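Engineer: Before I ask anything, let me first share the structure, which is written out below as structure tokens.
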């Protein structure tokens, strides 16, 4: 007897992308519709939560309809509805959670809650269909910087995390100070290609109590102080050199700590996930360092690095197989910790 194909509808509204996707068996994407709000928030230099929430309300149903249409299916053929319920912006999360609960209740379909970071990790299962745990995953985005030991599809251990700013947040702030626009990551990556990463030495923080924890607040301050110092002296701002030096400082710690964590836990596979995983220097450096240490490094294509519903559906598939479903008390939890269960308890 042939194994039944499991078709999951994924919904993602944790920040400023409204997304819905249909994925079969956790790895085959039939559709992945993403409606970005970058143009709405760019004039503010960052995401405005109230604007994001209102836009999600306007877009959620049309985006879900588009995902179903592109997949050539309808809600009756869906086996389960997976939705991000945290972490993220509470108003934005509530839009997706409310839609998922309504669909699940109306059709009597399983409701599956997904942790946003676990979703980012699952993007690698789509990009690399033969990938299986265990592996170490570096999750880096505007809101998160984590080194995660993926023990199994539903078993995670955080080995390191940022103690202040996320890497992507630091990219956005420095780009804003340099007048490069929002989002900052792609702009800095582009400018850095024409700069000297050794032009300015910026600090790399190391904690004694946990060598895999990150801190980017001091680095961010150091870069801003350097720019202010040049301005006070009336000197030109070498934008490319500053971008290259700042980016190098971030990538150095991200790669070094991840490789060290993998070596300590005797893991030979390293994955990248999150928006910053699209950074060209991070991909190049991680691949090189992994290869030097007898490891392999894997990462999703850029469309699966940003927030998207395909990764949420992929993650939800493994919960579906395990029979781990949420009930209709499911709520949005903006500070949800990874591995904390359906209701964040």
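The values are calculated or read from the model by the stated rules, or taken from the named source; none is laboratory data. Everything quoted here is computed from the prediction, not taken from an experiment. Every residue, glycine among them, receives a Cβ derived from its backbone with ideal geometry; neighbour counts consider all protein chains shown.
Engineer: Quick check on residue 148: is it more than 16 Å from residue 21 (Cα to Cα) and in the same structural domain as residue 247 (by TED's automatic domain parsing)?
Structural biologist: Yes; evaluated as a whole, the condition is true for this residue.
Engineer: Kindly indicate the residue of segment 15-48 that is under 18 Å from residue 100 (Cα atoms) and at pLDDT below 95 and also surrounded by the fewest Cβ atoms within 10 Å (Cβ to Cβ) among those meeting that condition.
Structural biologist: 35
Engineer: Could you say whether any residue in segment 328-335 is outside the structural domain of residue 11 (by TED's automatic domain parsing), farther than 19 Å from residue 87 by Cα and surrounded by fewer than 19 Cβ atoms within 10 Å (Cβ to Cβ)? Steps first, answer last, please.
Structural biologist: Residues of segment 328-335 that are outside the structural domain of residue 11 (by TED's automatic domain parsing), as a first pass: 328-335.
The next check asks that each one be farther than 19 Å from residue 87 by Cα; those that pass are none.
No, because not a single residue in segment 328-335 is outside the structural domain of residue 11 (by TED's automatic domain parsing), farther than 19 Å from residue 87 by Cα and surrounded by fewer than 19 Cβ atoms within 10 Å (Cβ to Cβ).
Engineer: Need a quick list: helices (runs of 4 or more DSSP H) entirely within segment 38-139 having at least 1 residues that are touching a helix residue (DSSP H, G or I) at 6+ places or on another chain (Cβ under 9 Å) and more than 30 Å from residue 257 (Cβ to Cβ).
Structural biologist: So the answer is 38-41, 49-71, 90-107.
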